[in-house]
Amino acid sequence: MEKLWELYKNGDWVVPFLIFSIGFFITASVILYLLIIESRSKNIRRERLRAEYNNDIDKIMSSVIFEDVSFNSIKEDKNFMVLFDTVFFRAVIMESVINLHKNYEGAYAAKLEQFYKDSGLIRDSFKKLKNLKWQVKCKGITELAEFNITTAFDRILTFSKARNKTLKITALNACIKLAGTKGIVHLAEHTDPIDDWTQLNIIGAFKKHDIGDAKGVELLLESQNTTVIALGLKLIKELKLTQKVPYVTLLASQAPNNTIKYEAESVIQALTV
């Protein structure tokens, strides 16, 4: 310790330390600059490729939608298949197919759904569900729900209990799109609190997808979780489910607390006026 103290007092370490610090700073700055340049160059190349790919993809998707061309016919083009086997091209064509599906209905939408399955893009979506990143999981869930892949319902349902709020909401919204009321009745056994933001998202999903069959919503009123009961009451009120008034009346007479009782009475009043 005494030797270190003497060295410190003498100040012999100052010059080497400053030289090392300056050298380290300059080296780090140069490396950071090069990384930024590389990142920008990579993004520019990707955007250039995206523009080129979109031109080809537009032609392909036009033939699929309007000329009844199947994927089996398209894959005879070897140049296309070379591109199709690359990760980036598949990502770009996935975006294109999703955007088109959002804007078409009926037979056109059905053709896009068939292309999604035949081309194997559906496998990419299922793979995303296994990814460790919640953002990637959300993307896979959204894709499967967009193309009405009902066989994915049970897999997606498992994410409705995720700790990550965005993943949970994405999964619940997808379940509602795929199975309507069946997508939320499992919440009757949910033990964790469902916050107001999640409740609003669930209600919004019902309105967005125009769920006609509300059978089973009353099961939420039987939950031991008061936040689930509150969600059930809000759904009944917002969707104007007057046929559920008897269930709400029963809840008002057997409410677990005064807050739920007042909410139930409010719903009865709103639906019977």
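The values are calculated or read from the model by the stated rules, or taken from the named source; none is laboratory data. Everything quoted here is computed from the prediction, not taken from an experiment. Every residue, glycine among them, receives a Cβ derived from its backbone with ideal geometry; neighbour counts consider all protein chains shown. Ligands, DNA and RNA are excluded from the accessible area calculation, which covers all protein heavy atoms including side chains. Shrake-Rupley method; radii C 1.70, N 1.55, O 1.52, S 1.80 Å.
Summary table
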| quantity | calculated |
| --- | --- |
| Of the criteria (1) open to solvent by less than 20 Å² (accessible area, probe 1.4 Å); (2) under 30 Å from THR191 (Cα atoms); (3) not aliphatic (A, V, I, L, M), which one GLN135 fails | (1) |
| Candidate set: segment 181-218, residues that are assigned to a helix (DSSP H, G or I), over 17 Å from LYS237 (Cβ atoms) and open to solvent by 10 Å² or more (accessible area, probe 1.4 Å); chosen: the one modelled with the lowest pLDDT | HIS209 |
| Segment 219-239: number of residues that are open to solvent by less than 30 Å² (accessible area, probe 1.4 Å) and touching a helix residue (DSSP H, G or I) at 6+ places or on another chain (Cβ under 7 Å) | 11 |
| Checking ALA145 against (1) open to solvent by 30 Å² or more (accessible area, probe 1.4 Å); (2) more than 21 Å from GLU218 (Cα to Cα), the condition it does not meet | (1) |
